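Encoded as structure tokens, the structure appears first; notes follow it.
The values are calculated or read from the model by the stated rules, or taken from the named source; none is laboratory data. Predicted, not measured: the structure shown is a model, and the values here were computed from it. Glycine also receives a Cβ, built like all others from the backbone with ideal geometry; neighbour counts cover every protein chain displayed. Ligands, DNA and RNA are excluded from the accessible area calculation, which covers all protein heavy atoms including side chains. Shrake-Rupley method; radii C 1.70, N 1.55, O 1.52, S 1.80 Å.
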Amino acid sequence: MAVLSLAACVAFLHLLLLFSSSSSLRLAPKAAESSDSARHGSGRTAYHFQPAKNWQNDPNGPMYHNGMYHLFYQYNPHGATWGVGNLSWGHSVSGDLVNWASLDAAIEPTSPFDANGCWSGSATILPGGVPAILYTGISADGEQVQNVAFPKNASDPLLREWVKPSYNPVIPLPADVPGDFFRDPSTAWLGRDGLWRLAVSAKVGNAVGSTLIYRSNDFRLWERNVAPLQESRAAGMVECPDLFPVAEPGAEEGLDHAPRTGTGVRHVLKLSATDTFQDYYAVGRYNDTTDTFEPEDDGDDCQSWRRLDYGHVYASKSFFDARKNRRVLWAWANETDSQADDVAKGWSGVQIFPRKVWLDNDGKQLRQWPIEEIETLRSRKVGLLGTVVNSGGVNEIVGVAGTQADVEVVFEIPALEGAESFEPNWLLDPQRLCGEKGASVPGGIGPFGLLVMASDDLQEHTAVFFRVFRHHDKYRVLMCTDLSRSTTRAGVYKPPYGAFVDMDIEAHGGIVSLRTLVDHSVVESFGGGGRTCITARVYPEHAENGNSHLYVFNNGTGAVKVAKLEAYELATATVNVGDDGLIQPSSMRRGEA
Ligand code: DQQ
């Protein structure tokens, strides 16, 4: 009892600290220490978002509200697997999107309209500042329906308790949609006519991946628009729709959903396709009268659109961050080891490090970049300037812990003419090309890049690299993450990942940049200034107990110059941990402290 009250006092002091600043949670990161190795066993991350234990999948309802960031997430409180009927909305809060405190689940499957699970959805800040959650409930009859929930006390800065009105579901299953194909309401937005809109995924009639629009004037009675927002007829079910406006090409600020007039305004539609388990997006025109979306350059099938990430990322969701006037993206990066491994370690699933997203200068593609708050974790720094890496060269970057690092490197190709010639059919399947031309296959210009999470003897390493090809009078840049040597452990999925970077390297003076975030089991890479992103999950055996190394390499014939390299060791963020003095209000209430 005495121990409990002491713990409660410590927790209360932390709670006071928590609110001593209106705009930021005082959850401090701590330097990477050897004692962290137990915590990081089996790939547990140091600064990517994870609950303390159990299963998580999609990010849900991210928002910035009253000086606080909220992240909800699909959570199974009863174990490390998905657990269909158990899904709840886990809930954490943060002052900086880096350090997080865990709260009680916001929504749990306790009502007839969600008795079999509370699935994905979004948050909307209503006029007057009160947030609302829209989510999919799996009803007692096993049907997917759309529900609403509101804070019990909107002036609670943590928004700890949520109320599900008894008038739910606000959108029952339509007659032409099968019971298990109607889900994932988007953030709602107000049209110029004063009506709310939301987008929701459905399979209408025969195998059509539709995104439907519903309108409402009171957030309670919703009416379906006859036309869908978009149809991906060749795709199966699509999920987790995200429609958002983007500022003019090259402008990095984000836009909220306020109605915008004029023909210049463009939107991005992101869909998650169940057939491929990938997220796709198109830049296009959203017509706010007909509530339809036309991709500008891409066809109707979302599976022919650009991918948000060419690695292992799904069910992404963005939100407008009014604090910093930017659009921020979250996404789920699932495990790639076995389910038995997940059960043994007691957890599964991480979120990508939050990314700022904006429309590139070319007006066609998004750029993505880790939010600047990551810099608060940076500690030791090492660098290179103007180092030439000759053919076959492998230069170690010494001085930062290779399991928790942020590496930014600018490569310069002195002579692009040495590039291999390109076969046009390679455009069809860059992932396969990365498999055939892995890091150990020499080329003309490249492969060159980083070896991360490398063991002393290099038996284990993950290669993130580029190859440059000559295609008629143009150059094409291929970016790959080669997992073939990432771990010696059996039973891990180790595909090659790859995509072309949509940039003119010649016009950029032969320069291409790479940024890679390394976090125990996550290797998250941004090529060409965030035009191409590849997130991989890795499970190197050597990293369980100690050193991991970092190298720059060049396995091409032509020399490559490292115009600039900055590698930072990153401290361990405070992410939903309850056993090191951090406040955890939910445990306090349950007397578990
Ligand atoms: N995950 C949720 C669904 C969504 C899917 C269930 C996407 O709402 O469609 O956990 O990963």
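Condition test on A273, is it closer than 22 Å to S210 by Cβ, more than 16 Å from the ligand (Cβ to nearest atom) and in contact with a helix residue (DSSP H, G or I) (Cβ under 7 Å, 6 or more places away or on another chain)? Here the answer is no, as A273 does not meet what is asked.
Is there a residue in the stretch 474-486 that is outside any strand (DSSP E or B) and over 20 Å from G311 (Cβ atoms)?
Looking only at the stretch 474-486, we keep the residues that are outside any strand (DSSP E or B), and these are 483-486.
In the following step, the residues that additionally are over 20 Å from G311 (Cβ atoms) were identified as none.
Within the stretch 474-486, none of the residues are outside any strand (DSSP E or B) and over 20 Å from G311 (Cβ atoms).
Which residue out of A536, A543 is at pLDDT 95 or above and farther than 23 Å from G383 by Cβ?
Within the list A536, A543, the selection yields A536.
Can you confirm whether H472 is of a type outside the set (S, T, N, Q) and either in the same structural domain as G250 (by TED's automatic domain parsing) or surrounded by fewer than 22 Cβ atoms within 10 Å (Cβ to Cβ) (or both)? Give the derivation first.
Working: of a type outside the set (S, T, N, Q): yes; either in the same structural domain as G250 (by TED's automatic domain parsing) or surrounded by fewer than 22 Cβ atoms within 10 Å (Cβ to Cβ) (or both): yes.
Yes, satisfied.
Residue count for the stretch 49-62, restricted to those that are in contact with a Ser or Thr (Cβ under 6 Å, 6 or more places away or on another chain) and within 10 Å of the ligand (Cβ to nearest atom): 3.
Among strands (runs of 3 or more DSSP E) lying entirely in the stretch 101-172, which contain 2 or more residues that are under 19 Å from Q74 (Cβ atoms) and within 13 Å of the ligand (Cβ to nearest atom)? Please lay out each step first, then the result.
Details: elements: 101-107, 118-125, 131-138, 144-151.
Result: 118-125, 131-138, 144-151.
Taken together, the residues in the stretch 63-100 that are under 16 Å from P131 (Cα atoms), open to solvent by less than 20 Å² (accessible area, probe 1.4 Å), more than 15 Å from the ligand (Cβ to nearest atom) and part of a strand (DSSP E or B) amount to 9. Please work out if S484 is open to solvent by 20 Å² or more (accessible area, probe 1.4 Å) and either polar (S, T, N, Q) or at negative phi (or both). Against the criterion (open to solvent by 20 Å² or more (accessible area, probe 1.4 Å) and either polar (S, T, N, Q) or at negative phi (or both)), S484 qualifies. The single condition from (1) open to solvent by 50 Å² or more (accessible area, probe 1.4 Å); (2) farther than 30 Å from S42 by Cβ that T274 fails is (2). When D193, D141, D176 are checked against the criterion of being under 30 Å from R260 (Cα atoms) and acidic (D, E), D193 stands alone in meeting it.
Condition first: surrounded by 16 or more Cβ atoms within 10 Å (Cβ to Cβ), of a type in the set (A, V, I, L, M) and within 16 Å of the ligand (Cβ to nearest atom). Can you find one or more residues in the stretch 278-296 that meet it? Please lay out each step first, then the result.
Kept after step one, since they are surrounded by 16 or more Cβ atoms within 10 Å (Cβ to Cβ), are these residues of the stretch 278-296: 278-284, 286, 288, 291-293, 295.
Still in the running and of a type in the set (A, V, I, L, M): 282-283.
If we keep only those that are within 16 Å of the ligand (Cβ to nearest atom) as well, we get none.
Checked the stretch 278-296: no residue is surrounded by 16 or more Cβ atoms within 10 Å (Cβ to Cβ), of a type in the set (A, V, I, L, M) and within 16 Å of the ligand (Cβ to nearest atom).
Filtering the stretch 409-430 to residues that are buried (at least 16 other Cβ atoms within 10 Å of the Cβ) and within 24 Å of V538 (Cβ to Cβ) leaves V409, F411, P430.
Among the residues of the stretch 309-334, those that are within 14 Å of the ligand (Cβ to nearest atom) and not in a strand (DSSP E or B) comprise H312, V313, N334.
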